[in-house]
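The values are calculated or read from the model by the stated rules, or taken from the named source; none is laboratory data. Note that the structure is a prediction, hence the values are computed from the model and not measured. All Cβ positions, even for glycine, are placed from backbone atoms using ideal geometry, and neighbour counts span all protein chains on display. Keep in mind that these areas ignore ligands, DNA and RNA; they rest on the heavy atoms of the full protein, side chains included. Shrake-Rupley method; radii C 1.70, N 1.55, O 1.52, S 1.80 Å.
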Amino acid sequence: MSEQVIGPKSEVLFHFSIKLEDGSAADSTKVDNKPAKLFMGDGSLTENFENCLLGLKEGDNKTFKLQPEDAFGMPNPDNIYYLDRTKFGADTPAEVGSIIAFTQPDGTELPGLIREVAGDSVTVDFNHPLAGQVVTFEVDILEVHS
């Protein structure tokens with residue numbers, strides 16, 4: 001085992017599990033046994049999340065709780081859109097609770113959650129599904145490279 005510790009520019013291979021405040025599991029890389037790769041400082045995670053990983057080394061396990069602003073952020077009302085029901089069809093019905101991938105102008109896909117269907121108006125929420133949630137992360141550090 002390596003004794004390299006996670007620093008501000010490390011590359012980290014790790015498993016994680018996310019639990020909600022009620023103890024239910026929201027996500028885990030262990031389900032498909034596909035660990036996540038992180039480049040510390042690349043902006044993909046919040047600073048406070050990364051600070052929880054600093055100093056850990058290969059083989060370490062840690063559990064930490066993050067407030068919404070340190071995890072997936074707070075819901076942003078600007079990420080809620082009202083679309084015309086005609087934008088939906090048989091293959092993508094406008095049903096409350098459905099998550100639909102919407103193609104962006106640059107070709108990338110963005111998932112949206114159908115929150116409400118009222119007449120010809122469909123409310124689509126593009127906030128992260130865990131936005132506004134206090135979450136507990138459990139991490140298992142597999143590899144650390146400086």
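May I ask you to list the trypsin sites (Lys or Arg not before Pro) in the range 4-74 that are in a DSSP loop and have at most 11 other Cβ atoms within 10 Å of their Cβ?
Values: sites: Lys9, Lys19, Lys30, Lys37, Lys57, Lys62, Lys65; in loops: Lys9, Lys30.
Those satisfying the criteria are Lys9.
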For Glu3 and Phe39, what does the FRET efficiency come to when R0 = 22 Å and r is the distance between their Cβ atoms, rounded to the nearest 0.05? 0.60
I'd like the accessible area for Thr108: 1.4 Å probe, protein heavy atoms, all chains in place, Å² to the nearest 10. 70
Out of residues 5 or more away from Gly73 or on other chains, whose amide H comes under 5 Å of its own, with H placed 1.01 Å from N in the peptide plane? Gly132
Using a 1.4 Å probe on the protein heavy atoms, what percent of the accessible area of the chain belongs to carbon and sulfur? 50
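Arrange the residues Glu116, Glu143 by how much accessible surface each exposes, largest first, with a 1.4 angstrom probe. Intermediate values should be presented prior to the final figure.
Values: Glu116 95, Glu143 75 Å².
Descending order: Glu116, Glu143.
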Give the aspartates and glutamates reachable from Lys87 as a straight Cα distance under 18 Å; neighbours fewer than 8 places away on the same chain don't count. Glu95, Glu109, Glu116, Asp120, Asp125
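What's the local net charge at Glu3, with K and R +1, D and E -1, over the other residues with C-beta under 13 Å away?
Details: positive: Lys57; negative: Glu58, Asp60, Glu143.
Local charge sum for Glu3: -2.
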Accessible area per residue, 1.4 Å probe, Å², for the chain: what's the number? 61
Using Cα-Cα distances under 8 Å and only pairs 6 or more residues apart, what relative contact order does the range 22-112 have, in percent? 13
Relative contact order for the range 77-125: what is it in percent, counting Cα pairs under 8 Å that are at least 6 residues apart? 42
³J(HN,Hα) across the range 63-70 via Karplus (A = 6.51, B = -1.76, C = 1.60, θ = phi - 60°), whole Hz, x for Gly/Pro? 10, 8, 9, 10, 6, x, 5, 9
Can you sort Leu53, Leu113 by 1.4 Å-probe accessible area, starting with the largest? Leu113, Leu53
Quote to one decimal, in nm, the extra length available between Glu95 and Met74 on full extension: 0.36 nm per residue of separation minus the C-alpha distance between them. 5.1 nm
Starting from the Cα of Asp84, step 7 Å along the direction of its Cβ; do the same at Lys30; then give the gap between the two resulting points in nm. 4.9
Across 10 Å bins from the origin, how do the percents of Cα pairs in the chain run, short distances first? 11, 31, 29, 20, 8, 1, 0
Take the range 23-90, drop everything but the C-alpha atoms, weight them equally and run the Debye formula without solvent; then report log10 I(q)/I(0) at 0.15, 0.18 Å⁻¹ to two decimals. -0.75, -0.93
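Taking the Cα centre of the chain as the origin, how large is its charge dipole in debye, to the nearest 20, when only Lys and Arg (+1) and Asp and Glu (-1) carry charge on their Cβ atoms? List each step's numbers first, then the result.
Details: 11 positive and 25 negative charges, 32 e Å.
For the chain, the charge dipole is close to 160 debye.
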